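Notes follow the structure.
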Amino acid sequence: MTKQDIVKYGDPILRKFTSRVIKFDKSLRKLVEDMFETMYANEGVGLAAPQIGVSKRVLVVDVDYPSKRYIDEQTKKEVTTYNSMVLINPVIIQKEGQIISKEGCLSFPNVYFDVIRFKKIAVKYQDLFGKERRLLAEDDLLCRCIQHEIDHLDGKLFVDKPSDEAEMKKNLQEAGFGSVSSPPPAVLIG
Ligand code: CO
């Protein structure tokens, strides 16, 4: 596994609509390993392939990682439990409701603001072996995180969905980001 550099906002790859994964081969497994290594090293709960410079429809998530690190009483060592998930070619097939909560993004260091998301989603995706799977998420970190990461695959970023634009602009400015560009036009995918 190799930790990769995180692509920061301003790089055009973050605004590109990514390509579907066709081959479920060794190079895909290597990409996913690198993504996990990079996400954990940066203490993120999710990462999309464009964030390490690969324009493909691949995302990784581990929403338990931040809360499941603790010091073992006997060994006095830090223990981590993992709940890693990989979603390939994910598509939101059902969505409803609305939630607003604070989000950050590894491509925007030190920027946090309220973002609007669906409250409940059903997602269709493929696993590392190409098998089709589905998941439901509602009103939790997983639900928001998957929406954030799927947006990355469409060239959309959390700056496209603030609940309070003034709050977002202030946060961006304080973190050293200037004005932000628009997302690419919508593309239909199967
Ligand atoms: Co992000």
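The values are calculated or read from the model by the stated rules, or taken from the named source; none is laboratory data. Nothing here was measured: the structure is a model prediction, and the numbers come from that model. Here Cβ is always computed from backbone atoms with ideal geometry, including for glycine, and neighbour counts include all displayed protein chains. What goes into the accessible areas is simple: the full protein's heavy atoms, side chains included, and nothing from ligands, DNA or RNA. Shrake-Rupley method; radii C 1.70, N 1.55, O 1.52, S 1.80 Å.
For every other residue with a beta carbon closer than 15 angstrom to the beta carbon of residue 29, add +1 if it is Lys or Arg and -1 if Asp or Glu, then tell me the sum.
Values: positive: 23, 26, 30, 56, 131; negative: 25, 33, 34, 37, 127.
Spelling it out: positives minus negatives among the neighbours equals 0.
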Notebook entry, point to check: Given 10 Å bins starting at zero, what is the percent of C-alpha pairs of segment 121-171 in each, up to the one with the largest pair distance?
Noted result: 21, 41, 28, 9, 1
Notebook entry, point to check: What percent does the relative contact order of segment 74-150 come to when contacts are Cα pairs within less than 8 Å and at least six residues apart?
Noted result: 29 percent
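When Lys and Arg each count +1 and Asp and Glu each count -1, what net charge do the other residues less than 14 Å away from residue 117, Cβ to Cβ, add up to?
Details: positive: 95, 102, 119, 120, 144, 156, 161; negative: 96, 103, 114, 138, 139, 140, 149, 151, 160.
Neighbour charge sum, excluding residue 117 itself: -2.
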Notebook entry, point to check: When the C-alpha atoms of the chain are aligned to their principal axes, what extent does each axis show, in angstrom, from largest down?
Noted result: 49, 41, 33
Check: Scaled to the compact-protein estimate 2.2 N^0.38 Å, what is the alpha-carbon radius of gyration of segment 27-126, rounded to two decimal places?
Finding: 1.23
Item checked: Spacing of the two label points (7 Å from each Cα toward its C-beta) at residue 1 and residue 116, in nm -> 3.7 nm
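So for segment 12-174, averaging the separation of alpha carbon pairs under 8 Å that are six or more residues apart and normalising by length, what relative contact order in percent results?
On the way: 298 pairs, mean separation 39.3, N = 163.
Once divided by the residue count of segment 12-174, the mean separation gives 24 percent.
Please sort 77-83, 118-124, 48-54 by packing, taking for each peptide the average over its residues of neighbouring beta carbons within 10 angstrom, highest first. If you can, show how the numbers build up before the last one.
Details: 77-83: 10.1, 118-124: 17.4, 48-54: 22.9.
Result, highest mean first: 48-54, 118-124, 77-83.
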Next item on the list: Find how much the distance from residue 138 to residue 22 grows on full extension, using 0.36 nm per residue of separation minus their present alpha carbon separation; answer in nm with one decimal.
Entry: 38.8 nm
Check: In whole Å, what is the distance between the alpha-carbon centres of segment 1-76 and segment 135-180?
Finding: 17 Å
Note to self: Of 21, 159, 83, which is farthest towards the positive pole of segment 12-174's charge dipole, taken about the Cα centre with +1 and -1 on the beta-carbons of Lys, Arg and Asp, Glu respectively?
What the structure shows: 21
Check: Once the piece of chain linking residue 181 and residue 55 is laid out straight, how much longer is it, given 0.36 nm per residue of separation minus the C-alpha distance between them?
Finding: 43.5 nm
Checklist line | Whole-Hz couplings from phi, Karplus 6.51/-1.76/1.60, listed for segment 37-46; x for Gly and Pro | finding: 4, 5, 5, 5, 4, 9, 6, x, 9, x
Notebook entry, point to check: Tell me, what is the per residue accessible area of the chain in Å², probe radius 1.4 Å?
Noted result: 55 Å²
Notebook entry, point to check: Can you give the extra length, in nm with one decimal, that the chain gains between residue 98 and residue 78 once fully stretched, where that is 0.36 nm per residue apart less the Cα-Cα distance?
Noted result: 3.5 nm
Item checked: Listed residues 177, 105, 125: farthest to the positive end of the dipole of the chain (Cβ charges) -> 125
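How big is the charge dipole of the chain about its Cα centre, in debye rounded to the nearest 20, if each Lys and Arg gets +1 on its Cβ and each Asp and Glu gets -1 on its Cβ?
Values: 29 positive and 28 negative charges, 141 e Å.
So the dipole magnitude of the chain works out to roughly 680 debye.
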Next item on the list: Using DSSP to define loop residues, name the trypsin sites (Lys or Arg not before Pro) in segment 18-60 whose beta-carbon has at most 10 other beta-carbon atoms within 10 Å.
Entry: 23
Next item on the list: Taking only Cα atoms and a 10 Å spring cutoff, compute GNM fluctuations for the chain and point out the largest among 11, 160, 72.
Entry: 72
